[in-house]
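Step one of this worksheet: look at the structure below.
The values are calculated or read from the model by the stated rules, or taken from the named source; none is laboratory data. Every value quoted in this text rests on a predicted model; they were computed, and no experiment measured them. Glycine gets a Cβ as well: all are built from the backbone with ideal geometry, and neighbour counts include every protein chain shown.
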């Protein structure tokens, strides 16, 4: 028996059927159909693209307008601030000049007033001290108290020199000294001191409680 690939004599030989061209043609038709776009679709795409382009352009224009407006507002605000600063500087300059003129014109009157006040205060202080010295019934103890006012509290033994007449008014003097607060005072009559004066000696420290030097210090402090 002959093979199936052999042909009989007198029989027409036909080529075998190949489906590949038909498949390729169908695929081409499908791609062409997919590539075909309707006019409505084209119009919609064009509108979408136009809207996108227009929106971007409008956004850029709006941003530019906002930036310009912001720059304008900043410039205006800076100009107003500079104008206010200039007016303030001018006002301060006027005030400073007025103050300088007033000080220059009133300086003599102020000096005279200060001198009068200082003199009056000193006269009042001197009169009060003199009145106290005249009217006190305990000049000796007053003089001792003034001398001890600045004495250290931890120093017990204090020597106080005072006017003999003032010392004579202290009748509490004992053999061991006069107790005054935390101190024990040894009195020494000193004719060189005026009534009301006293000088305390605390070891190596001397405390001057004389009236005239104290008033002199007050006058120096009050002097303009």
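Computed values, structure above
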{"item": "Test: residue in region 125-145 that is touching a residue at least 12 places away in the same chain (Cβ under 8 Å), in contact with a strand residue (DSSP E or B) (Cβ under 6 Å, 6 or more places away or on another chain) and closer than 30 Å to residue 180 by Cα", "result": "yes"}
{"item": "Selection within region 174-207 - free of Cβ contacts under 8 Å to residues at least 24 places away in the same chain and in contact with a strand residue (DSSP E or B) (Cβ under 6 Å, 6 or more places away or on another chain)", "result": "177"}
{"item": "Residue check for residue 93: in a helix (DSSP H, G or I) and either modelled with pLDDT under 70 or over 35 Å from the mean Cα position of the chain (by Cα) (or both)", "result": "no"}
{"item": "Matching residues, region 176-201, being under 18 Å from residue 150 (Cα atoms) and surrounded by fewer than 17 Cβ atoms within 10 Å (Cβ to Cβ)", "result": "179, 181, 182, 184, 186"}
{"item": "Residue 125, sole failed condition from (1) in contact with a helix residue (DSSP H, G or I) (Cβ under 6 Å, 6 or more places away or on another chain); (2) modelled with pLDDT of 75 or more", "result": "(2)"}
{"item": "Selection within region 95-151 - surrounded by 11 or more Cβ atoms within 10 Å (Cβ to Cβ) and over 25 Å from residue 219 (Cα atoms)", "result": "138, 140, 141"}
